[in-house]
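These notes are about the structure you will find just below.
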């Protein structure tokens, strides 16, 4: 299989250097304030278009997962900015704490997601969203309730991922909105294969990204993206208490109206860290060819990989990636 590249010779295991990227720049907002106040402050910069019936897509985690976005932060965001919004999730493809709707609701209660309504999108079936310009899909199967919302806030815990290399907004939507039995199977498994996880590296990144594109296109201007760079294990929150220990320093919160720009900026900040700070997470991203998520989003016209990183803590000044990650403190519990 030959894969298209933004830069000839660059595969998903390698980052395209900023100076070799082309096209327009988007704005990515940045705060070091990892707190409920920081989350609300940065949400205010990207809430344009969040109207009507609002869904908030976040990873609510397996039971007692240690690294998910703190419930208190999300609770205050809902209370002060999104009082009528609904948390949305889908059931998992693997058997675990969120495999069935009944088990999923028990897990939600254990993890404290009780302060707002939670809609398990595939509880009552599925819907098909068109995939425009994809090479793997013409449509994607998502949780059927998704089409009942007017706007979507993508609230993502940025971290590593066993299959995807990293999990940002792209993974949160591409896997997280696909329903648990059909859509996720289309993304993960070649039909007729005994291994339910046989699709990997470039093909997996592309399938996941096409799933995301169906959701992004559906909401249009009524979608926004926030990535929280905190407690970044190489493991996804779907691994719960079995997640690998966190060794990557906390960074801050990033937000944009451009999904590619916000995920690209998070990856760039990981690369801008010292070898000691980013070694484990970088190995996870590169070994899984995770950067193909970024180049394929660009090929599909989902956003810009060039951006202005705007520090909202210091008067909306533009800063470099190195400035954003200088003087990071090693992660400690």
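None of the figures in this text is laboratory data; all of them are computed from the coordinates on show. What you are looking at is a predicted structure, and each value in this text was computed from that prediction instead of being measured. Ideal geometry is used to build each Cβ from the backbone, glycine not excepted, and the neighbour counts take in all protein chains shown.
Can you compute the FRET efficiency between residue 75 and residue 95 using 1/(1 + (r/R0)^6), with r the Cβ-Cβ distance and R0 = 22 Å? Round to the nearest 0.05. Could the numbers behind the result be given before it?
Values: r = 30 Å, r/R0 = 1.35.
Rounded to the nearest 0.05, the efficiency is 0.15.
With a ≥ b ≥ c taken as the square roots of the eigenvalues of the C-alpha gyration tensor of segment 128-271, please select rounded if a/c is under 1.5 and otherwise prolate if a/b is larger than b/c or oblate if it is not? Let's see the in-between values first.
On the way: a/c = 1.84, a/b = 1.19, b/c = 1.55.
Judged from the Cα gyration tensor, segment 128-271 comes out oblate (a/c at least 1.5, b/c at or above a/b).
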Estimated FRET transfer efficiency when R0 is 41 angstrom, pair residue 286-residue 128 (beta carbons, to 0.05): 0.75
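Count the DSSP beta bridges whose two residues both fall in the chain, then state the antiparallel fraction as a percent rounded to the nearest 5. List each step's numbers first, then the result.
Working: 19 of 41 bridges.
Roughly 45 percent of the DSSP beta bridges within the chain come out antiparallel.
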Given [x] 0.93; [y] 0.96; [z] 1.01, the label whose value is Rg/Rh (Cα atoms, Kirkwood Rh) derived from this model: [x]
Cβ crowding within 10 Å averaged over residues, with 263-269, 17-23, 102-108 ranked highest first: 263-269, 102-108, 17-23
FRET E, pair residue 196, residue 14, Förster distance 30 Å, beta-carbon r, rounded to 0.05: 0.60
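When the chain is fully extended, how far beyond the present Cα-Cα distance does residue 109 get from residue 24, taking 0.36 nm per residue of separation? Provide the component values of the computation, followed by the final result.
Details: separation 85, 0.36 × 85 = 30.60 nm, distance 4.37 nm.
Full extension of this stretch gives 26.2 nm more.
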